[in-house]
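Working notes for the structure below.
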Amino acid sequence: MLVDSHCHLTYPPLADDVDAVIAEAAAAGVGKLLAISVRAEEFPVLCKLAEAHENVFISAGIHPNERGGAEPDVDELAEMARAPKVAAVGETGLDYFRNHGDLGWQRRRFDRHIAVAQAVGKPLVIHTRESMDDTLAVLEAAAQGGGLGAGGVMHCFTGDWAQARRALDIGFHLSFSGIVTFKNAAIVQEVARKAPSERILVETDAPFLAPAPHRGKPNRPAWVRHVAARLADLRGTDLEQIAEATTGNFHRLFTLAAD
Ligand SMILES: [Zn+2]
Ligand SMILES: [Zn+2]
């Protein structure tokens, strides 16, 4: 069984027929999905989805790109993170691609998520774009202070091996997305070859980042299979081994999703 460790089931076109999307994934051998929270406003929708589907787990958090919506404080975020079927806190982190100027608000939001993950004992789902070194520095400082007890994952990892090493050194997992199937992705492919098998995950980030041969289309959780197959090629193994490793890692990291 494969799992999709990161998808957005509240986004169109997935949200338009989410039951069919989940059934299609199951038919493709993708047995569990972690549906990621981006805005506080969509969180109740995610909770309902997780309640309706045994194999759907969710995260609680506000994406670093989101502005203008509700900004839950630590207590409010912790309450969200304690809801049934919440397996992780995030996605959170830093994003310098879409945000410029004084980013103190983004950093404070990231700090709140780290505090909540520690308070509720759940792992972090980390988003980083053009901000990898700063993101790692924040996490390394938190790890030194003993504040990353439940670990986490660098979702859609696109850094180089030195950055991967830093994430691994603080106990984090690396999640590979459709980017690893792209022809021009030599740096992340090198990481995908070298990463220890007990720290790798696979994801779609659907509806974004469709893997080859579907590049450019709206992505779907069923297509995490293409990511896993590419990982198997790169690591000189087969899909079955990758499925076993990444699903086992998923269950060990997101313990709430293990049953
Ligand atoms: Zn992200
Ligand atoms: Zn995402």
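Residues that are in a strand (DSSP E or B), aromatic (Phe, Trp, Tyr) and surrounded by 15 or more Cβ atoms within 10 Å (Cβ to Cβ) do not occur anywhere in region 154-161.
Across region 121-140, what is the number of residues that are over 13 Å from the mean Cα position of the chain (by Cα), polar (S, T, N, Q) and buried (at least 24 other Cβ atoms within 10 Å of the Cβ)? Even if it seems obvious, please write down each step before you answer.
First, the residues of region 121-140 that are over 13 Å from the mean Cα position of the chain (by Cα): 121-122, 129-140.
After this cut, where a residue has to be polar (S, T, N, Q) as well, the list is 131, 135.
Add one more test, that the residue is buried (at least 24 other Cβ atoms within 10 Å of the Cβ), and what stays is 135.
Count: 1.
Among the residues here, residue 153 qualifies as over 23 Å from residue 236 (Cα atoms), in contact with a strand residue (DSSP E or B) (Cβ under 8 Å, 6 or more places away or on another chain) and touching a residue at least 12 places away in the same chain (Cβ under 8 Å).
Criterion applied to 43, 110 was being under 23 Å from residue 147 (Cβ atoms), within 16 Å of ligand 2 (Cβ to nearest atom), assigned to a helix (DSSP H, G or I) and touching a strand residue (DSSP E or B) at 6+ places or on another chain (Cβ under 8 Å), and the one residue passing it is 110.
Residue-wise test of (1) under 29 Å from residue 83 (Cα atoms); (2) in a loop (DSSP other than H, G, I, E, B); (3) without any contact (Cβ under 8 Å) to a residue 12 or more places away in the chain.
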site: 201; (1), (2), (3): yes, no, no
site: 204; (1), (2), (3): yes, yes, no
site: 214; (1), (2), (3): no, yes, no
site: 225; (1), (2), (3): no, no, no
site: 228; (1), (2), (3): no, no, no
site: 232; (1), (2), (3): no, no, yes
site: 237; (1), (2), (3): no, yes, yes
site: 244; (1), (2), (3): yes, no, yes
site: 251; (1), (2), (3): yes, no, yes
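Considering region 9-40, and only residues there that are part of a loop (DSSP other than H, G, I, E, B) and surrounded by 23 or more Cβ atoms within 10 Å (Cβ to Cβ), the residue that is farthest from ligand 2 (Cβ to nearest atom) turns out to be 9.
For the condition away from ligand 1 (no atom under 16 Å from the Cβ), in contact with an Asp or Glu (Cβ under 7 Å, 6 or more places away or on another chain) and modelled with pLDDT of 95 or more, what is the one hit in 38, 30?
Working: 38 fails: away from ligand 1 (no atom under 16 Å from the Cβ).
When all the criteria are applied, what remains is 30.
Tally up the residues in region 120-129 that are charged (D, E, K, R) and part of a strand (DSSP E or B), please. Of the residues in region 120-129, 1 are charged (D, E, K, R) and part of a strand (DSSP E or B).
What residue, of 117, 87, 78, is away from ligand 2 (no atom under 16 Å from the Cβ), surrounded by 22 or more Cβ atoms within 10 Å (Cβ to Cβ), of a type in the set (A, V, I, L, M) and not in a loop (DSSP other than H, G, I, E, B)?
Details: 87 fails: away from ligand 2 (no atom under 16 Å from the Cβ); 78 fails: surrounded by 22 or more Cβ atoms within 10 Å (Cβ to Cβ).
Answer to the selection: 117.
Test residue 71 against the stated conditions and say whether it is under 19 Å from residue 155 (Cα atoms), among the acidic types (Asp, Glu) and outside any helix (DSSP H, G or I). Against the criterion (under 19 Å from residue 155 (Cα atoms), among the acidic types (Asp, Glu) and outside any helix (DSSP H, G or I)), residue 71 does not qualify.
The values are calculated or read from the model by the stated rules, or taken from the named source; none is laboratory data. Bear in mind that the values here come from a model prediction, so they are computed numbers and not experimental data. Backbone-built Cβ (ideal geometry, glycine too); neighbour counts: all protein chains shown.
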